[in-house]
1. Return yes or no: is B:Thr126 closer than 30 Å to A:Ile69 by Cβ and among the polar types (S, T, N, Q)?
2. Restricting to region B:17-76, and then to whatever is of a type in the set (Gly, Ala, Ser) and either on the phi > 0 side of the Ramachandran plot or in contact (Cβ under 8 Å) with a residue 40 or more places away in the chain (or both), can you tell me which residue is farthest from DNA strand C (Cβ to nearest atom)?
3. Examine region B:26-33 for a residue that is part of a helix (DSSP H, G or I) and surrounded by fewer than 14 Cβ atoms within 10 Å (Cβ to Cβ), and state whether such a residue exists.
4. Out of the residues in region B:75-98 meeting the condition of being in contact with a helix residue (DSSP H, G or I) (Cβ under 8 Å, 6 or more places away or on another chain) and among the β-branched types (Val, Ile, Thr), tell me which one is surrounded by the fewest Cβ atoms within 10 Å (Cβ to Cβ).
5. Take the residues in region A:48-58 that are touching a Lys or Arg at 6+ places or on another chain (Cβ under 9 Å) and part of a loop (DSSP other than H, G, I, E, B), then tell me which one is farthest from DNA strand D (Cβ to nearest atom).
6. Does region B:26-43 contain any residue that is under 18 Å from A:Asn82 (Cβ atoms) and of a type in the set (Lys, Arg)?
7. On the basis of being facing chain B (nearest Cβ under 8 Å) and crowded, with 19+ Cβ neighbours inside 10 Å, does A:Asp120 make the cut?
8. Out of A:Ile61, A:Ile69, A:Ile45, I need the residue that is part of a helix (DSSP H, G or I), at pLDDT 95 or above and within 14 Å of another protein chain (Cβ to nearest Cβ). Which one?
2 protein chains.
Amino acid sequence: MNYMRTSMENLTTKLKNSNIRLSHQRLKVLEYLDNNRIHPTVDQIYNGLHDEIPTLSKTTIYNTLNTLIEAGLVKIITIEDNEARYDINTDLHGHFKCKACGNIYDFEIDMDSFKIKGLDGFKVFTRDVYYSGICSKCVEDD
Amino acid sequence: MNYMRTSMENLTTKLKNSNIRLSHQRLKVLEYLDNNRIHPTVDQIYNGLHDEIPTLSKTTIYNTLNTLIEAGLVKIITIEDNEARYDINTDLHGHFKCKACGNIYDFEIDMDSFKIKGLDGFKVFTRDVYYSGICSKCVEDD
DNA sequence: GTTCCTGCAAAAGCTTTGCAGAAGA
DNA sequence: TCTTCTGCAAAGCTTTTGCAGGAAC
């Protein structure tokens with residue numbers, strides 16, 4: 001799936017438009033998500049930013065992510081395991097988790113064409129499609 | 001969604017066919033899942049069986065569920081929150097979680113008709129569709 | 001100057017593990 | 001009899017909370 005990295009100014013604008021107070025930590029977390037489209041865990045974000053910001057705490061990462069989720073800038077992915085993952089790509093798309101390498105891949109799927117039965121009168125806010133199996137890379141490595 | 005309750009003998013057979021050693025606790029957990037199609041949490045199973053089996057421990061419930069999952073008799077649902085839910089209905093169907101009451105509803109969806117792009121060469125083992133929003137009951141209560 | 005954020009420590013909640021006694025086959 | 005299960009206590013993880021100092025506006 002294609003995506004464009006956003007410039008630092010645009011990330012700043014994104015936060016400002018959402019009425020989120022700017023801070024060094026928040027910008028860095030957002031920048032990390034933008035530069036590392038791997039649906040990272042909190043741990044991965046923490047380790048990825050630790051060298052640059054040694055004082056950064058996981059609490060702040062959690063706080064920041066929750067703020068970004070509330071603002072709609074980030075989506076949380078709860079696909080297996082009891083460990084949340086975070087996605088800056090808020091377009092509707094599916095997620096595939098490889099049982100071998102643990103990586104999560106995006107894929108295209110047209111959720112608007114779904115024919116469903118049994119949700120008459122229900123208000124749907126979010127839709128998620130999660131697949132799991134073995135990714136093409138790990139299939140080859142067999 | 002319709003379903004048929006299974007008789008106690010059939011539950012016994014189910015376990016035997018999967019080469020799972022019979023025990024009072026395992027039968028009761030399986031029976032609870034069969035009689036309570038609410039995609040219960042471990043806590044709900046524990047509370048539901050506590051009166052009948054006061055000595056039952058959560059460890060045993062976890063052990064039993066993991067055994068049943070391995071045998072393919074039960075499916076785990078990880079839809080939001082850090083709390084697993086368990087489903088004895090292993091047919092392919094979607095899950096809707098109500099943000100208001102917390103209940104999880106089944107709905108029909110034909111996953112075989114999905115048109116997806118980006119998973120060439122991937123081996124898909126599981127497919128899950130998770131919706132969330134407000135269920136019809138909670139919409140009315142507004 | 002006021003409001004809100006950061007980060008430490010502690011707590012909370014779900015799940016797994018180690019192990020001795022008990023139950024299933 | 002031999003294997004496997006149960007259930008207690010403890011530990012392991014992820015995530016949240018309380019709060020004092022600090023940064024943003």
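1. Values: closer than 30 Å to A:Ile69 by Cβ: yes; among the polar types (S, T, N, Q): yes.
Judged against the criteria, B:Thr126 is a match.
2. B:Gly72
3. From region B:26-33, those part of a helix (DSSP H, G or I) are B:26-33; that's our starting set.
If we keep only those that are surrounded by fewer than 14 Cβ atoms within 10 Å (Cβ to Cβ) too, we end up with none.
No, that holds for no residue.
4. Out of the qualifying residues, it is B:Ile76.
5. First, pick out the residues of region A:48-58 that are touching a Lys or Arg at 6+ places or on another chain (Cβ under 9 Å): A:49, A:52-53, A:56.
Then keep just the ones that are part of a loop (DSSP other than H, G, I, E, B); that gives A:52-53, A:56.
Details: A:Glu52: 15, A:Ile53: 12, A:Leu56: 13 Å.
Selected residue: A:Glu52.
6. Within region B:26-43 (the criterion being under 18 Å from A:Asn82 (Cβ atoms) and of a type in the set (Lys, Arg)), the answer is no, since none of the residues qualifies.
7. On the way: facing chain B (nearest Cβ under 8 Å): yes; crowded, with 19+ Cβ neighbours inside 10 Å: no.
No.
8. Testing whether each residue is part of a helix (DSSP H, G or I), at pLDDT 95 or above and within 14 Å of another protein chain (Cβ to nearest Cβ) leaves just A:Ile69.
The values are calculated or read from the model by the stated rules, or taken from the named source; none is laboratory data. Please read these numbers as outputs of a predicted model, since none were measured by experiment. Here Cβ is always computed from backbone atoms with ideal geometry, including for glycine, and neighbour counts include all displayed protein chains.
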